[in-house]
Every structure is written in C-alpha cells, then in structure tokens.
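Remarks on the structure that follows.
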Amino acid sequence: MSSHIDERSTQDRPDDAVYAQRTRLRATRWPDAPEDAGWSLGTDLDQLRDLVVHWAESFDWPAQEAALARLPRFRVPLGGLGIHFVHAKAVAPAGPVLPLVLSHGWPDSFWRYSKVIPLLTDPGAHGADPADAFDVVVPDMPGFGYSDRPVGRPLDSIAVAGLWAELMTVLGYERFGAAGGDVGSHVSRCLGLDHPDRVVAVHRTDGGLPVFTGDPADLTPEERTWMEAVAAWSGTEGAYAAIHRTKPQTAAFGLNDSPAGLAAWIVEKLRAWSDCGGDVERSFTKDEILTNITLYWLTGTIGSSMRMYSANAAIPPAQLARRVEVPSGFSIFAGDIVRPPRAWLERTTNMVRMTEPPRGGHFAAFEEPEIYAEELRAFFRPYRAAAA
C-alpha cells in the first residue's frame, strides 16, 4: 500500500462530543403536530421521540464505532482533500480477483456497505463460490462521513468519479468494476463514461433521474409513463432535493445544530425509500439508524453532503444525457423508488443484464446484503478476466 496512505485510526471522537450530543437531545424543543398526522406531513412526532430517547439514554456509540473500526479503513490525500475509505482485500480467492469500487449515496456514507463487504471479500465463508471474491474499495465522498469537506465549491459526480479513478491508481488497480446507488449510481455512471479504458463494467441499482434531450415522440409508452411517475414523485416527495439543490446552507444551520432535527431529516428518508412497508424498523434497527445519523452528527457533514446536490444540478444536460457504452447491469429492487423501465436503461446504457430482486429498497446493500452481494457476483462474473 502506498506510503502516503494514512492507516491511523479514523473513528476516534472525544467522549465530550457524545456527552454534548446527549445534552442537546434531552433539551430538544419539540414542535406540535396535528392529531393522527403520523408520517403524512413528514416525520412522525411520537416515533421520533422514541428514537431520540433511545439515542440519548441507551444507544452505545462506542460499541457501534468499534464494529465499524473492524473494517480496514484508511485516509489518502486526493485533489487537496483527505479521503476516507475502506479497502478490504479478497480472502482465499480461487481465481482472478476483481477490484470493485462501491459508491454510496445520500443520506449515508461507507456505512451503506458495511454489511455487504464481508460477503464480497470472502464469499466462500458465506455459502458462495470463492472464485467470486472481490477486492472492495468503499470511499466516503468529499463532504460525507470521515472524508474532508470541500472548502470551496462542492464537487459534482463527475469530479468525484475522477477522484475514485485516482484512488484506484494509488491502490495499484489499473482495471476495476464500479457499482453504486443513489448519488453513487451517478458517480459509477461517470466512471464508466470518463474512464472506459479502466472500468470493465458498471452495476447500478437505479437509472437516475431522467434527462432526455431528444424528440419525446421517440420515447416508448413505458418510458413516458415512468417520466410522468418521476414528476409526480418529485412533486410529493422531492422537497428535500429542491432544498439541497437551491438553499442547502439555510437548512444546514438547523440540522447541524439540532441532533433531533438531523434525525428527523434522515429517518424520514430511510423509511420512505426502504422496503419497510411503512415501518422503518423492518429495514433498520434503532441502533443501525442511529449509527448512520451519529456519523453525520459527529463529523458535522450534513451541510456539505447536501451541497453535492447543488453541484450536480449545475451539470449541463448534454453531460447527463451521454450514453454509457461500458457493459452495464442493473438490479432494480422491488421496494425502490421510481423504478425505471428496461427501455430507458437500454436507451441510456449498454445494458447487458437487468434483474428485479423481489425485496429490498433504495438502500439494498444494507437492507438485503445477501441478495445484493449475489447480484454483484453474478453480474461481474464474466468480467473478472478483463481486470486480471
């Protein structure tokens, strides 16, 4: 491993930060809510109170932090920023090892892939073929998790893809696979677009928001129906994204100051986007939810993570409409949001495989790690020799 990669602990946080967090949680100034509003107007008041009480009185952050610390984690300077990443190498491989960079989305970090990493690096220990082992690299995007926050303009997905290509060079990987969801789907797409000589294949769990610059008459009925559904979803569920794109700094003042407010902002998305049937704890335990939220709280990265939306909103439509010619695969999970039709994926990528797993949502790698791992194994199997 390159000598300028820092292997020192990246997870240590002073005890007084946790104490201060608990003090703030206990002093939360709760809003009122209409009777029986539930989740219809946003985060449910009673359920958030319950989560906040657990956070303040029972949640064991040091134990959760120690579990994350068992992952092989590092920092490296890239583009003037310290980038935190997991680098987990294949265990007892029985053939060519494929390097794989996994890109997370919002609102999360390397946390998204914490369950699936062992399944990918050591498939033989989990009932799968040892020949399907990966070297797994999971970076925190700039402004997320333990990576540095850009001090100037936020980086867009194109720039982040360039950093990931540089990171894979630093780690000694000339050719590799790329996979991701949410914002990470966009970053993986950009890796395939801008580094096709290095990326052997791209796997994604969504097709991104539709950008079409051609004649609408050329769209299939299924594509038009999907675009109408996306527009309807944006109208009812997309207020958060509009704020992130246009006025992220305004929201950041409150979210960075109030842990209860931060929890409300994030848990509502975990519930709405996961395959939980309206009960968020079907997809995530309280401790899993709070581990994700605590990472945001202790690193102070909610504002910087939201600003990436504004950077991506400035990408020219012509860039967003480019077709990915690198072999592309999609696992469109049953519980995800605005699921794209096959025709759109074929129009926008060199799609060689599409599956529709019967359960799992927007956070599939965390919700259904076994299914997600098998999706990656099956898709990338034909491309292993290309990276050898």
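Since every read-out is calculated from the coordinates, none of them should be taken as a lab result. Every value quoted in this text rests on a predicted model; they were computed, and no experiment measured them. All Cβ positions, even for glycine, are placed from backbone atoms using ideal geometry, and neighbour counts span all protein chains on display.
Among the trypsin sites (Lys or Arg not before Pro) found in the range 308-374, those both in a DSSP coil and sparsely packed, with 15 or fewer other Cβ atoms within 10 Å of their Cβ, are 322, 323, 359. One decimal place: the segment residue 343-residue 315 gains 7.7 nm when fully extended, by the rule 0.36 nm per residue minus the C-alpha distance.
Backbone geometry of the range 78-83 corresponds, through the Karplus equation with coefficients 6.51, -1.76 and 1.60 at θ = phi - 60°, to 3J(HN,Hα) couplings of 9, x, x, 10, x, 10 Hz, x marking Gly and Pro.
This ranking places 188, 40 by how few other beta-carbon atoms lie within 10 Å of each, fewest first, which gives 40, 188. When only C-alpha pairs under 8 Å and at least 6 residues apart count, what is the relative contact order of the chain, in percent? Across the chain, relative contact order equals 20 percent.
Checking [x] 54, 27, 22; [y] 60, 26, 19; [z] 31, 26, 20 against semi-axes √(5λ) of the Cα gyration tensor in Å calculated from these atoms, the matching label is [z].
Could you tell me which of rounded, prolate or oblate describes the range 178-303, using a ≥ b ≥ c as the square roots of the eigenvalues of the alpha-carbon gyration tensor, with rounded for a/c under 1.5 and, failing that, prolate when a/b is larger than b/c and oblate otherwise? It comes out prolate by the Cα gyration axes. Around the amide H of residue 330, modelled in the peptide plane, lie the amide H atoms of 204, 353, 354, 355, all under 5 Å away and 5 or more residues distant in sequence or on another chain.
The trypsin sites (Lys or Arg not before Pro) of the range 51-107 meeting both criteria, a DSSP state outside H, G, I, E and B (loop) and at most 13 other C-beta atoms within 10 angstrom of the site's C-beta, are 70. Evaluated with a Cβ-only charge set (Lys, Arg +1; Asp, Glu -1), the chain carries a dipole of roughly 900 debye about its Cα centre, given to the nearest 20.
Can you tell which of 241, 364, 272 lies farthest toward the positive end of the dipole of the chain, using +1 and -1 charges on the Cβ of basic and acidic side chains (Lys, Arg; Asp, Glu)? Projecting each Cα onto the dipole axis, the largest value belongs to 241.
For the range 148-231, the Kirkwood hydrodynamic radius comes to 14.7 Å, computed from all pairs of different C-alpha atoms.
Expressed to the nearest 5 percent, the antiparallel share of DSSP beta bridges inside the chain is 35 percent.
Cα convex hull of the range 88-160: mean projected area in nm², to one decimal?
5.5
Backbone geometry of the range 142-149 corresponds, through the Karplus equation with coefficients 6.51, -1.76 and 1.60 at θ = phi - 60°, to 3J(HN,Hα) couplings of x, x, 10, x, 8, 7, 5, 8 Hz, x marking Gly and Pro.
Here's the list of lysines a cross-link from residue 115 could span, going by alpha-carbon distance under 29 Å and ignoring same-chain residues fewer than 8 apart: 89, 269, 286.
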